[in-house]
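Worksheet: one structure, shown below.
The values are calculated or read from the model by the stated rules, or taken from the named source; none is laboratory data. What you see is a predicted model, and the numbers here were worked out from it, not measured in a lab. Note that each Cβ is placed from the backbone with ideal geometry, even for glycine, and that neighbours are counted across all protein chains shown. Please note that ligands, DNA and RNA were not included when accessible areas were found on the heavy atoms of the full protein model with its side chains. Shrake-Rupley method; radii C 1.70, N 1.55, O 1.52, S 1.80 Å.
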Amino acid sequence: MNKRSAMLAVSDFDLSLGLTVILTAVVTVLIGYVLSKNFSTRLPPGPWGLPYLGYWPWLSHDWHLDFTKIGEKYGDIFTVYLFNNPLVILNGTKSMQEAFYKNPNAWAGRPYSHGFDLFELNPENLFKDDFTVKFKARRKFGMANLKKFGYGLPGFQENIEGLIDSTAAAFNSHKGMPFFFRDELWIYGAQALPSVLFGRRYKPNDKGFNQVLDDTEIWFAELRPVCEADVIPILRFFPRKCVAKSVPAVRRMLKWFTASIEERRAEFDPDNPCCFVDICILNKQDNDEILNFIMSFWGDGTDTIVGTIRWWIYFMAHYPEFQAKAQHEIEDAIGGRRPLQSDKKDLQFLEATFMETIRITTPVPTSLLLKTKEDVEILGYMIPKDTAYFANWDNMHKDPEVFENPDDFNPERFMLKDGTCDSKNKGWAGFAIGKRSCMGEPLARQVIFLFLANLLQQFTFSFPENEVPSKNFADLAMPGEGVVNMPVDFKIIATPRATS
């Protein structure tokens, strides 16, 4: 063999070796990807994705709708892979009830999220903290004292009545003409929470409070079901649009909350605690600990209260027969006097309109990212400890086995034969269920009830003749990638009613 032939042979050998190495690497990656499915854990099946990327390329901004679509094939529970990490999806009533009613502690964990660190929240913040002994103690303290020194105080209802009166006056100022009503509800409805936390109300032109409301909307508009940087760590080193908007907004909120805490410290009277922050000060908690509670309540309460009332007005205007029925119920039960919290037991159909509004719109369509705290069996599958998962609340609310014609707005579905509202329906998860359900739910439900009863007693809601929004409520959902389902602004007519 001459020198040239030898060189060609070596070259062919190198090329063949290179192709073999590449092919071996590809096969190894594919085998590793398949093995990463870890079938020995008996994870529920789910759709296949690309090597390493998993199902990420097929996910839209509306993860709850993507999960609902996948569930048409895989059912109440399935697994998707994101960058080789399994993500279990609880997608229906059976899986939710199995997890959150039968074994709630096992499903109460919270994995680390880089997104929360960007906000510079305290490491033990109730939003981001795992399900630990400290977490449970703080949650118990928060819920007990929110009631005892918040909506349980004698002055709570009077305070909310003042906010309702201001809202009604703003509605009346339009004298039966069409108007956009988002701002009026934000200014007054969102004050229910700070009135409990800080014991004060803010004027409509208060720049600090209005800035916090704007920042709250930015925060929820940009809050994702999962931070991309948690599954693609290299993204932490690159600028991202959502981070550029949300991080400054949350930091401004924290600054305003801190200043409000300091105001309470300056006015604090240990013999007369008048709000939630006062009892935290009495308990010798520092500002970081108090901020933990404020951010948790704020995240759970503000958008839920205001958003639910806005959606409810939308449905009352679209379904005048239900609106009239709820109005007649108010007239029959209490006449012309102001509705009180104690009247709730007699206004069962009104409660049903609230529950149906929550069911069909689902203010937070999916949970934030959670994880299992132990190996746990569910519906025949074995989920290992520390497995990340989502609960698809929206799909649970649309389960046709629980709710007939689930896409129709029909409060009657919650009415029992004895004329009471099925307020403990296990297919309803308006404020989430389980050990990480919304801490502010009792407060939110009381505020919403008082607003609905009082506004419906005083007004009949309708749409301008030439500006009737789509009857498909999803068309009104605010665009964006956030996890909170808020409607865009739309015009209504608030016709005053006689209340003799």
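Relative contact order, whole percent, for the range 373-500 stands at 16, derived from Cα pairs under 8 Å and 6 or more residues apart. Within the straight-line cut-off of under 17 Å between alpha carbons, the lysines reachable from K245 are K255, sequence neighbours fewer than 8 places apart in one chain being disregarded.
Measuring r between the beta carbons of N172 and D386 and using R0 = 60 Å, the FRET efficiency lands at 0.60.
Based on a Kirkwood Rh over C-alpha pairs, give the Stokes-Einstein translational diffusion coefficient of the range 43-96 at 4 °C and viscosity 1.567 mPa s in µm²/s.
Values: Rh = 11.1 Å.
In µm²/s, the coefficient is 116.
Note on K417: lysines with a C-alpha under 30 Å away, same-chain residues under 8 apart excluded, are K94, K102, K325, K344, K345, K398, K426, K471. Counting only protein heavy atoms and a 1.4 Å probe, the range 48-94 has 47 square angstrom of accessible area per residue.
Other residues lying with their Cβ under 15 Å from the Cβ of N405 contribute a combined charge of -3, Lys and Arg counting +1, Asp and Glu -1. Toward the positive end of the charge dipole of the range 240-318, with +1 on the Cβ of Lys and Arg and -1 on the Cβ of Asp and Glu, the farthest Cα among N272, S246, N292 is that of S246. Protection proxy ranking of 210-221, 129-140, by the mean of other Cβ atoms within 10 Å over each peptide's residues and highest first, is 210-221, 129-140.
Using the average count of surrounding beta-carbon atoms within 10 Å as a protection proxy, the listed peptides 453-459, 280-286, 183-189 rank, highest first, as 453-459, 183-189, 280-286.
Once the C-beta distance of N283 and N105 is scaled by a Förster radius of 35 Å, the resulting FRET efficiency is 0.85 to the nearest 0.05. Taken over the range 400-500, the percentage of Cα pairs per 5 Å bin, counting from 0 up to the bin with the maximum distance, is 2, 9, 11, 16, 22, 22, 12, 5, 1, 0. With contacts taken as Cα pairs under 8 Å and at least 6 residues apart, the range 246-330 reaches a relative contact order of 20 percent.
Translational diffusion coefficient of the range 335-491 at 37 °C, 0.692 mPa s, Stokes-Einstein with Kirkwood Rh over Cα pairs, in µm²/s as a whole number. Mind showing how you got there, number by number?
Numbers: Rh = 18.0 Å.
Value of D from the Cα-based Kirkwood radius: 182 µm²/s.
Where a ≥ b ≥ c are the square roots of the eigenvalues of the C-alpha gyration tensor, would you call the range 247-394 rounded, which needs a/c under 1.5, or, failing that, prolate if a/b is larger than b/c, or oblate?
Details: a/c = 2.17, a/b = 1.15, b/c = 1.89.
Because a/c hits 1.5 or more and a/b fails to exceed b/c, the range 247-394 counts as oblate.
What does the charge count around D346 come to, taking other residues whose C-beta lies under 12 Å from its C-beta (Lys +1, Arg +1, Asp -1, Glu -1)? Around D346, the charge tally is -3.
A straight line joining the Cα centroids of the range 423-500 and the range 81-102 runs 28 Å. Report note on the peptides 142-148, 61-67, 319-325: ranked by the mean count of other C-beta atoms within 10 Å, highest first, their order is 61-67, 142-148, 319-325. Extension gain for the segment K140 to N84, taken as residue separation times 0.36 nm less the Cα-Cα distance, is 16.5 nm to one decimal. In terms of Cα to Cα distance under 16 Å, which aspartates and glutamates are near enough to K136, apart from those fewer than 8 places away along the same chain? K136 reaches E124, E289.
I'd like the distance between the alpha-carbon centres of the range 337-359 and the range 362-407, rounded to an integer number of Å. Rounded to whole Å, the Cα centres lie 28 Å apart.
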